[in-house]
Structure formats: structure tokens, C-alpha cells
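Single-structure report; data block below.
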Amino acid sequence: MRVVVVDRRDGSGVLQPLHDDDAPAGPPEPTDDLATAIARREEAEHPRWVWADTADTYPLLVEAGIRVEQVHDLALTEATVLGHAGRWGAPRSLAAAWARAHGGAEPADRAQRLDRTGQQPLFDAVGDGLPAGVDPLEAAIAVHAAQRRWIRAPEPHPAYESTPVSPRSLDLLVAADSAGALAAVEMSHAGLPWRPDVHDRLLTDALGPRPTHGARPAKLQALADEVAAALATPYLNPDSPAEVVRAFGRAGVTVTSTRAHVLREIDHPAIAPLLSYKALVRLHTAHGWAWRDTWVRDGRFHPEYVPAGVVSGRWASRGGGALQIPRVVRGAVVADPGCVLVVADAQQLEPRVLAALAADPDMTQAAAEGDLYAGLAAQAFGGDRAQAKVGLLSAMYGGSSPALATLTRRYPAALALVEAAARTGEAGGMVRSVLGRTSPPPGPGQDDLGEQQALRRARDWGRFTRNFLIQASAADWAAVLLALLRRRLAVIADGAAELVFFQHDEVVVHGPAGSGDDVARAVTEAAEEATRLVFGATPVRLPLTTAVVADYAAAK
């Protein structure tokens with residue numbers, strides 16, 4: 001059963017059960033206490049709830065101690081529909097979806113997410129925003145029915161190089177992304193255990209004591225002074241790329257950028273302290289004392305996750321750097337007394353996804369178990385694991401390597417798959433993940449581009465679509481894994497084992513000390529089932545290593 005929910009933001013709302021054909025089953029059910037009404041129905045029926053945006057509605061329930069099992073998130077599903085239509089970045093809220101269906105002006109979404117390259121913002125859903133006189137319940141019912149019809153018979157798009165995706169795959173993708181939205185709210189509410197005293201000690205060890213009045217920590221200042229002295233430039237600001245470039249120029253060294261990979265190619269006494277400074281300033285800025293004051297409260301780090309916030313399907317976060325906790329401060333993530341952390345990390349995920357997608361016999365054999373790169377090395381590179389790894393990563397990300405010729409001869413199906421994705425991107429087309437997550441089209445062309453510029457631009461987009469195919473399919477698998485694991489955890493230790501962290505290919509569960517083995521087993525089972533659901537009957541394994549630890553740093 002499905003039940004549509006309209007949240008009126010004052011504690012009241014409306015429920016509307018649906019028939020199997022998505023038509024209303026009986027009259028609407030208004031309630032002055034929406035949370036209680038949902039809790040009762042969840043306990044009795046476990047329906048699939050349908051609402052405009054999990055990020056808007058579910059926090060109210062979680063704060064009241066209510067968890068639901070499954071949901072259809074209209075905003076996330078609309079984003080999938082828009083992707084298939086080649087309309088990445090179009091508004092995806094309930095109001096926008098309703099307007100599209102009725103030929104009206106689509107209201108803009110209010111917040112922003114990450115763009116097609118994963119670097120700049122895209123869009124997020126907003127409140128109802130419907131025109132006066134439009135009933136939010138009727139709009140939600142209509143948009144849900146339209147989305148379900150589309151899932152059953154998705155419209156083709158001429159820019160896709162692949163065959164139409166199956167309704168089964170789209171249904172799985174929508175369900176997994178919607179379940180991920182539930183998990184995101186639950187994780188933000190639970191928070192990641194964080195010890196401020198340990199964090200302070202780790203920062204002090206790395207940076208020196210906490211400074212006052214916005215000054216640099218002692219170790220940062222010492223490195224800044226060392227850089228200035230090496231470049232004979234008193235009062236140099238190492239945070240200013242323009243100043244640093246000019247200082248190197250005065251020293252007779254041409255520097256085109258202060259990016260680390262550029263600096264490492266230069267032989268000068270200022271390089272080592274400058275690289276050290278840049279690394280430590282990132283720590284100080286991204287996860288220093290000011291970060292802790294903002295994001296950690298009551299011994300918990302409470303990030304705001306954005307499920308499928310990047311077009312590849314990877315998650316993002318709104319501030320807090322939730323998806324990039326550096327190793328130097330992971331020791332501050334400490335389980336509560338009497339509890340443990342279960343850290344599960346997928347090994348060689350994207351290369352294994354390529355093997356599963358391509359079904360290349362030799363690569364599949366190498367990925368059946370153990371170290372994939374070692375398997376490739378034994379098959380084709382005389383045991384040279386490093387060469388095999390560099391070659392495969394070059395194939396996946398559009399790099400260059402002498403090993404590519406060997407890979408092409410030995411693994412033709414796998415190399416043909418990524419090359420076809422690249423050629424599609426270069427020609428302005430779009431590619432799909434295994435479950436139907438779709439790449440955006442290239443940006444608007446520039447008529448005044450010269451031939452070489454146009455060629456370079458096409459190749460850049462080809463590199464994007466080459467990796468999108470793999471990265472988005474890996475995101476499909478991770479989304480299904482998370483949904484399956486969330487359901488399994490609900491019956492472990494009476495639900496006391498909670499997901500508290502997720503990033504791309506890693507999950508962290510916090511639970512009672514006696515639950516560690518059960519959680520580890522649930523992770524393994526969820527990974528195996530996710531592989532079957534996403535890739536079908538494949539001998540390729542996508543294993544996760546699990547560690548039951550007292551603190552996050554001990555798992556690495």
C-alpha cells in the first residue's frame with residue numbers, strides 16, 4: 001500500500017491511501033497530529049509513504065521518535081525523470097513538477113546542490129510553492145501517478161547511446177534513492193560520535209595550541225615564515241596565490257599555479273614548507289576549532305547530507321565537510337562507552353564495477369575475489385601490480401599510460417565500454433548508469449571556439465562521460481547497499497545499531513558492543529544482495545572490509 005502525505009508544517013496534515021493503480025482509495029484523512037497518525041499506520045501496515053521531499057517532512061517525525069520503513073520521494077524521483085529528459089538543473093519540486101504537467105511556469109528551487117562536474121551547485125527542492133487554488137494533496141497524487149507511469153514506460157531520449165533502461169532498474173533506483181533520503185535524515189539526527197577533547201589534542205599536535213583573535217596557529221605561522229624567508233619576501237601571505245606566484249617570479253622561478261601537483265615539479269627551498277603549509281591550512285580551515293564550534297554539539301557531529309547531490313548519484317553535504325573527514329582527526333570519532341563502531345569500506349569499487357558492467361571474461365575472473373589489480377597483473381603484466389593499477393585507472397579516467405595497449409588487447413570488452421562512453425560524450429551525447437542514472441548534456445556550445453578549442457572541449461566532456469558510466473553505476477550499487485543495510489539494522493539490538501556515517505563507498509554504524517559481529521554480517525549480506533540486484537548474476541565480487549573498533553582511526 002502507498003499513502004500520500006501532505007505536511008502542513010503546524011503539526012497537522014492529510015493522509016491519502018492509494019489503490020494499486022495509484023488512484024485515491026477512499027476520501028482524504030485529515031489529522032491534527034500528523035506524526036501520531038503516521039506512527040500508527042506505520043506500525044499497522046508499513047506502507048510506502050509518498051511525500052514531496054524527505055528532507056522537509058521526515059525530520060519532524062524522527063525528532064518525535066518515529067521511523068518509517070519505505071518512502072517514495074517525489075523530488076528525488078523528479079530529478080531522475082528530468083535527467084532522462086536531458087533537463088539537468090531544472091526545478092524538481094512538487095510545484096515545478098505540477099507546473100510542467102500543466103504547461104505553467106516552473107517556479108525556481110530555492111537551495112543549490114552540486115553541478116554536473118561535482119564541484120558547483122545544482123538545485124534542491126522547496127516547500128509546496130503551488131499556485132493559489134491548487135490543492136497540495138491533489139498535486140502530490142497527480143505527480144506521483146505521472147512518475148509511476150513514467151517508471152513503467154520511460155520515454156526514450158535521442159541523445160542516449162544505450163538501449164532504454166528497464167522499468168525494474170528505474171524502480172530499484174527510485175526506491176534506493178528514496179531510502180537513502182530516509183537514512184540521511186536519520187544520520188543527521190543521530191550524529192557521528194565526536195570527542196571535542198580528543199579533537200583538540202589532535203589539532204594541537206598538528207597545528208600548535210589554539211590561537212586567539214584570528215591569528216595563525218604556531219606551526220602554520222612557522223611554516224609561513226619559512227616560505228617567506230626562502231623567497232626573500234618578508235610579510236609574504238602564503239594564502240594568496242598571486243603573491244606566491246610573484247614571489248617565485250622575483251626568485252627567477254616561473255610558477256603557473258600554486259596547486260600542489262604544479263609545485264611538486266619545482267626544485268626550490270620554498271616548496272617543501274609551502275606544501276606543508278597548504279596541507280595544514282586545509283585542516284585548520286575545514287576541520288579546525290572553528291569548524292568544531294559550528295558543527296559539533298553534545299558530543300555529536302550533525303552534518304546535513306544531500307542524497308544523490310551530485311549528478312553521478314554520489315552524496316554531497318551542506319557544509320561541515322561531512323564526506324571528507326581527514327585521517328588526522330578521525331581519532332576524535334570515538335564510540336560511546338559500552339558501544340563500538342563498525343566501519344565497512346568497499347575495496348576497489350569502481351574498477352570492480354567496470355568488470356561487472358563489461359562482463360569481460362578475463363577481467364571478471366580477476367575480480368571474482370581477492371585483489372583485482374594483482375589479478376590483472378598476474379594475467380597481463382608479468383606480476384607488476386603497479387603497472388596494472390595505473391593502466392586500469394587511466395582507462396577509467398581518460399589518462400594516458402603505456403599499459404593501455406596491453407589492457408586493450410587483453411580486456412577488449414572492458415576497454416570498448418569506456419571508450420564508447422567517451423566517444424558518446426565527445427559527440428554531445430549522454431550515457432546511463434546500470435540502473436538508469438543519466439549524465440547531463442554538455443553545456444551550451446560556443447560558436448566562436450576555434451577548431452583546437454572545440455576539440456579540447458569535446459575531449460574533456462568525453463572524459464566526464466567515460467567516468468560517469470562507472471562512477472554513477474558505483475553510486476547505484478552504494479545506494480542499494482545503504483537501503484538494504486538500513487533495513488537489516490532495524491532488527492539488530494532492537495534498532496540500537498544506527499547508521500551514523502556514509503560516504504561513497506564507506507559506512508559507519510554505531511551500536512552496542514555486543515552487536516558488532518551481527519552488524520558486520522549484515523554489511524556483508526547487504527553488499528552481496530546489492531550486487532545481485534544491481535548487476536545480476538555476476539561472478540564479480542564487490543567486497544567490503546569490516547572493522548569493529550572503538551574509534552574511527554583504528555579502522556584505517
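The values are calculated or read from the model by the stated rules, or taken from the named source; none is laboratory data. No experiment lies behind these values; they were computed from the predicted model shown. Quick reminder, even Gly has a Cβ in these numbers, built from the backbone with ideal geometry, and neighbours come from all protein chains shown. With ligands, DNA and RNA removed, areas are computed over all heavy atoms of the protein, side chains included. Shrake-Rupley method; radii C 1.70, N 1.55, O 1.52, S 1.80 Å.
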| query | In the stretch 232-271, which residue that is touching a residue at least 24 places away in the same chain (Cβ under 8 Å) and open to solvent by 50 Å² or more (accessible area, probe 1.4 Å) is farthest from ALA206 (Cα to Cα)? | reply | PRO269
| request: State all residues of the stretch 448-506 that are within 18 Å of ALA184 (Cβ to Cβ), surrounded by fewer than 20 Cβ atoms within 10 Å (Cβ to Cβ), touching a residue at least 60 places away in the same chain (Cβ under 8 Å) and basic (Lys, Arg); if no residue qualifies, say none. | output: ARG487
| message | Would you confirm whether or not the stretch 82-90 contains a residue that is assigned to a helix (DSSP H, G or I), farther than 12 Å from LEU182 by Cα, out of contact with any helix residue (DSSP H, G or I) (no Cβ under 7 Å at 6 or more places or on another chain) and at pLDDT 95 or above? | response | no
| query | Here is a list of conditions, (1) surrounded by fewer than 18 Cβ atoms within 10 Å (Cβ to Cβ); (2) in a helix (DSSP H, G or I); (3) small (Gly, Ala, Ser), and SER188 meets all of them except one; can you say which number that is? | reply | (1)
| field | Residue satisfying all of: in the stretch 206-224; among the hydrophobic types (A, V, I, L, M, F, W, C) and out of contact with any His (no Cβ under 9 Å at 6 or more places or on another chain); surrounded by the fewest Cβ atoms within 10 Å (Cβ to Cβ) among these | value | ALA215
| query | What tally of residues in the stretch 272-322 results from selecting those that are open to solvent by less than 50 Å² (accessible area, probe 1.4 Å) and assigned to a strand (DSSP E or B)? | reply | 7
| said: Being within 22 Å of the chain's Cα centre (by Cα), crowded, with 16+ Cβ neighbours inside 10 Å and among the polar types (S, T, N, Q) is true for just one of THR31, THR57. Which residue is that? | reply: THR57
| remark: Within the stretch 515-544, the count of residues that are open to solvent by 40 Å² or more (accessible area, probe 1.4 Å) and modelled with pLDDT of 95 or more comes to 9
| request: Would you mention how many residues in the stretch 203-240 are more than 30 Å from ARG330 (Cβ to Cβ) and of a type outside the set (Phe, Trp, Tyr)? | output: 10
| remark: Counted residues in the stretch 75-104 being closer than 23 Å to PRO441 by Cα, crowded, with 20+ Cβ neighbours inside 10 Å and in contact (Cβ under 8 Å) with a residue 40 or more places away in the chain come to 11
